[in-house]
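Chemist: Structure in C-alpha cells, see below.
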Amino acid sequence: MDRAATAEKIAALIAPFNKKEIAVTDATTFAGDLEFDSLTVMDFVAAIEDEFDIIISMNQQAEIETYGQLVDAVVKLQG
Amino acid sequence: MTDLFSKFDPLIQMRTDLLSTGVTDPFGLVMEKVISPTVAICNGRETILLGTYNYMGMTFDADVIAAGKQAFDLYGSGTTGSRVLNGTYSPHRDVEEALKEFYGMDHAMVFSTGYQANLGIISTIAGKGDYIVLDIDSHASIWDGCKMGDAEVVPFKHNDIEAMEKRLRRIPEGAGKLVILEGVYSMLGDIAPLKEMIAVAKKYGAMVLVDEAHSMGFIGPNGRGVAEEQGCLDDVDFIIGTFSKSVGTVGGFCVSNHPKFEIMRLVCRPYVFTASLPPSVVATAATSVRKLMHAADKRAHLWENSRTLHKGLRDAGFQLGTQEPQSAIISVIMPDLERGAGMWEALLHEGLYVNLARPPATPAGMTLLRCSLCALHSAEQVQTIIGMFERAGQKAGIL
Ligand SMILES: Cc1ncc(COP(=O)(O)O)c(C=O)c1O
C-alpha cells in the first residue's frame, strides 16, 4: 500500500479518538495535540495493528510522536 | 540551570492539593507496634490490618521466628557479598531446596527481592531480536525488566486471549518469544485464564513466565498458585515469586525445569551485582515455605474470609473490582482520589488499615481501596471490618 492510501486509512482510524476533532496534519502530535493518554494509545495502536496486520512494539512506539512519523512507520512495517 | 526536579511538579502539586484538604497522608502511615499479623498500633490506636500481603499470617509463626534467631546466632547478621562470591551460605542453598520441594521443580534461584527476580530473569532471557508479549496490567517490576533488556516489547489488553494471539501470530518467523502473565493481578484481585493463554502461547512456540507473587501458599491444591489450580503448571517455563507476601519475609525467586537454568547464576546481573539476603531472612523463608506446603486448613479459612468480605461489601453497596472473589484481594473502587483518600482516612479512624492505590499503579486511572485478607483474620474480625466499611462509607459519602 502506498503512503497516501496508508495515510488515509490511518486518518480514518484516528477519527474516533480525535475527541476535539482537530485537523490532523503530518506534524500533529499524539500526546500534545490529540491529548492521547496511555489507555487511548493502547486502543489506538491495537486498531492500527489489526488494520494492517502488523506489530508496533513499544520500542518502535517510543520513536513515533507525530501522525507523519506513524504513517512512515506503518508504510515501512508493511514491507 | 534546569532543575531536574521540575518534572515532578505536577505530582508535588497534586499531593499539596490533596493534603491541603486536611486529610491524613495516606502514604505516610507508621506502625508503632505490631501485635500480630492482623493487628498493629497506628497513631496510638489499635488497628486491624487489611492492607498487608501477609496472606498466610507467617510473620509471627513460632517456628519461623526460631529459625531466624538460630541463623542469626550461627551465621551473623549479613553476608556482605554477592551470591556468586562470598554470599552463599548453607541457608541460601537450603531455601532453594525448599522452593524446589514446594513447586516440584528442578531449579530454584533466590534473589534479594521479587522486584529483582523479575528484573533479572526477564532482561536476561529476552535479548535483542526477541519479542516479549505481556499483559498491559503487568506489575512495575515486569515492565522494568522489559525496559532493562533489549527485546521488542508488545503489550496486549488485560486478560484478552484473542489480543494476545494476534500479536503472537504477527511476530516474525524464527524470533524468540517470551509471554509474561501473572496468576493474580494485585490491583483488582482478578486472576488470569492461564490454561487457555498458556495453550495459545505454546501453540506459537513461546516460552512462558508467570508471576505468582499474590497466589503462593494460597491458591492451588498445594498452594503453588493459579497455574497449579488450573492444571497447567507443567507448561510454565518460569515461575517468579516473592518471600514478601505469603512467606512473610523478604526476597524473590525464580523456579524452572529448564535444563540450562543454572547458567542464570552467572549471566543475570541483578543476581550477581548485589548482596545476598541475610542468613536469618533465608532461614525464616525456608521454614515458612516448608510450612506452607501443609497449610490446607489455613487456605480454606482464607478462602472463607475472602468470600465473606466480598459478599459483605457488595451487599453494603460498594463497587468491587471483581464480580466474584477470585483471590485474597478484594478491591473497592472509589469515585476519585479525593474521596478515596477521605474514605481511607475514615477507615483509619474506625481502626482499619487498607491500601490506597492510585494511578499509575492502577488500571484505567482508577482509585482503589485494596483489602488483602489474612488466613489469621478471625471470622469475627471480618464481620467487624464490614461494619467499619459501612460506617466509614456513610461518613465519607461513598454509600
Ligand atoms: C506481581 C508482583 N511481582 C513482583 C513483586 C515484587 O515483589 P517484592 O516485594 O519481593 O520485590 C510484587 C510486589 O509488589 C508484585 O505484586
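The values are calculated or read from the model by the stated rules, or taken from the named source; none is laboratory data. Bear in mind the structure is a predicted one, so any value in this text is a computation, not a measurement. No Cβ is skipped: glycine too gets one built from the backbone with ideal geometry, and neighbour counts run over all protein chains shown.
Chemist: Only one residue in B:Ala192, B:Ala126, B:Ala201 is away from chain A (no Cβ under 14 Å) and farther than 28 Å from B:Ile333 by Cβ, so which one is that? Before the answer, list the steps.
Modeler: Numbers: B:Ala192 fails: farther than 28 Å from B:Ile333 by Cβ; B:Ala126 fails: away from chain A (no Cβ under 14 Å).
Result of the check over B:Ala192, B:Ala126, B:Ala201: B:Ala201.
Chemist: Determine whether the stretch B:43-52 contains at least one residue that is among the hydroxyl-bearing types (Ser, Thr, Tyr) and either in contact with a His (Cβ under 6 Å, 6 or more places away or on another chain) or closer than 27 Å to B:Ser256 by Cβ (or both).
Modeler: no
Chemist: Here is a follow-up. Would you pick out the residues in the stretch B:106-159 that are in contact with an Asp or Glu (Cβ under 6 Å, 6 or more places away or on another chain) and either more than 12 Å from the ligand (Cβ to nearest atom) or assigned to a helix (DSSP H, G or I) (or both)?
Modeler: B:Ala108, B:Leu119, B:Gly127, B:Lys128, B:Tyr131, B:Ala151, B:His158
Chemist: Quick check, is B:Ala66 closer than 15 Å to B:Phe243 by Cβ, away from the ligand (no atom under 16 Å from the Cβ) and outside any loop (DSSP other than H, G, I, E, B)?
Modeler: Considered against the rule, which asks whether it is closer than 15 Å to B:Phe243 by Cβ, away from the ligand (no atom under 16 Å from the Cβ) and outside any loop (DSSP other than H, G, I, E, B), B:Ala66 comes out as no.
Chemist: Only residues that are touching a residue at least 60 places away in the same chain (Cβ under 8 Å) and of a type in the set (D, E, K, R): list them for the stretch B:134-171, please.
Modeler: Correct list: B:Asp137 only.
Chemist: Here is a further query. Hey, among the residues in the stretch B:267-292 that are among the aliphatic types (A, V, I, L, M) and not in a helix (DSSP H, G or I), which one's surrounded by the most Cβ atoms within 10 Å (Cβ to Cβ)?
Modeler: B:Leu277
Chemist: Follow-up. Looking at the stretch B:4-62, which of its residues are among the acidic types (Asp, Glu) and at pLDDT 95 or above? Before the answer, list the steps.
Modeler: Taking the stretch B:4-62 as the starting set, the residues that turn out to be among the acidic types (Asp, Glu) are B:9, B:17, B:25, B:32, B:46, B:61.
The answer is B:Asp9, B:Glu32, B:Glu46, B:Asp61.
Chemist: Moving on to the next point. Which numbered condition in (1) away from the ligand (no atom under 16 Å from the Cβ); (2) in contact (Cβ under 8 Å) with a residue 24 or more places away in the chain; (3) touching an Asp or Glu at 6+ places or on another chain (Cβ under 9 Å) is the only one that B:Ala227 fails?
Modeler: (1)
Chemist: Looking at the stretch B:257-266, can you tell me whether even one residue there is more than 16 Å from the ligand (Cβ to nearest atom), in contact with a Gly (Cβ under 6 Å, 6 or more places away or on another chain), assigned to a helix (DSSP H, G or I) and not aliphatic (A, V, I, L, M)? Working first, answer last.
Modeler: We begin by selecting, within the stretch B:257-266, every residue more than 16 Å from the ligand (Cβ to nearest atom); these are B:257-266.
Subsequent filtering for residues that are in contact with a Gly (Cβ under 6 Å, 6 or more places away or on another chain) retains none.
Checked against the condition, which is being more than 16 Å from the ligand (Cβ to nearest atom), in contact with a Gly (Cβ under 6 Å, 6 or more places away or on another chain), assigned to a helix (DSSP H, G or I) and not aliphatic (A, V, I, L, M), the stretch B:257-266 yields no hits at all.
Chemist: Here's another thing I want to ask about it. Just checking, how many residues over the stretch A:34-59 are more than 8 Å from every other protein chain (Cβ to nearest Cβ), out of contact with any Leu (no Cβ under 8 Å at 6 or more places or on another chain), surrounded by 18 or more Cβ atoms within 10 Å (Cβ to Cβ) and over 15 Å from A:Ala7 (Cα atoms)?
Modeler: 2
Chemist: If you don't mind, there's one more thing I want to ask. Answer yes if at least one residue in the stretch B:80-100 is part of a loop (DSSP other than H, G, I, E, B), under 20 Å from B:Thr284 (Cα atoms), of a type in the set (Gly, Ala, Ser) and away from the ligand (no atom under 16 Å from the Cβ), and no otherwise. Walk me through how you get there before you give the answer.
Modeler: Let us first name the residues in the stretch B:80-100 that are part of a loop (DSSP other than H, G, I, E, B), namely B:80-81, B:83-89.
Okay, now just the ones that are also under 20 Å from B:Thr284 (Cα atoms), so B:80-81, B:83, B:87-89.
Add one more test, that the residue is of a type in the set (Gly, Ala, Ser), and what stays is B:81, B:87.
With away from the ligand (no atom under 16 Å from the Cβ) added as a condition, the list becomes B:81, B:87.
Yes: the stretch B:80-100 contains one or more residues that are part of a loop (DSSP other than H, G, I, E, B), under 20 Å from B:Thr284 (Cα atoms), of a type in the set (Gly, Ala, Ser) and away from the ligand (no atom under 16 Å from the Cβ).
Chemist: Based on this model, can you work out whether B:Val236 counts as of a type in the set (A, V, I, L, M), within 16 Å of the ligand (Cβ to nearest atom), under 30 Å from B:Ala62 (Cα atoms) and surrounded by 15 or more Cβ atoms within 10 Å (Cβ to Cβ)? Show your work before the answer.
Modeler: Working: of a type in the set (A, V, I, L, M): yes; within 16 Å of the ligand (Cβ to nearest atom): yes; under 30 Å from B:Ala62 (Cα atoms): no; surrounded by 15 or more Cβ atoms within 10 Å (Cβ to Cβ): yes.
In short, no.
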